[in-house]
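The values are calculated or read from the model by the stated rules, or taken from the named source; none is laboratory data. Just so we're clear, the structure is a prediction, and the values are computed from it rather than from any experiment. To get the accessible areas, we keep the full protein, side chains included, count just its heavy atoms, and leave off ligands, DNA and RNA. Shrake-Rupley method; radii C 1.70, N 1.55, O 1.52, S 1.80 Å.
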Amino acid sequence: MNQTAQSWWFIFYKDQLLLEKKEDGIYAIPCGESSPIVIKEKTTVHNITTLEGKNCKAFSL
């Protein structure tokens with residue numbers, strides 16, 4: 001079975017959690033196969049837990 005793994009992306013900038021603005025104006029934690037922004041080469045991505053059957057990943061800019 002060939003499934004792509006969806007993940008919740010918790011992205012931090014200093015002390016702020018960055019959210020994605022949806023077309024309807026609602027803000028949400030980004031969810032997708034890959035990060036919504038480019039991850040620099042030496043950035044550590046932490047696998048936190050699962051939420052709603054999806055992995056939660058976090059990193060800092």
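Tabulated data
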| read-out | value |
| --- | --- |
| Viscosity 0.890 mPa s, 25 °C: Kirkwood-radius Stokes-Einstein D of the chain over Cα pairs, µm²/s | 197 |
| Accessible area in square angstrom per residue, the chain, 1.4 angstrom probe | 83 |
| Fraction of beta bridges assigned by DSSP in the chain that are antiparallel (%, nearest 5) | 65 |
| Surface share of carbon and sulfur [accessible, 1.4 angstrom probe, percent] for the chain | 51 |
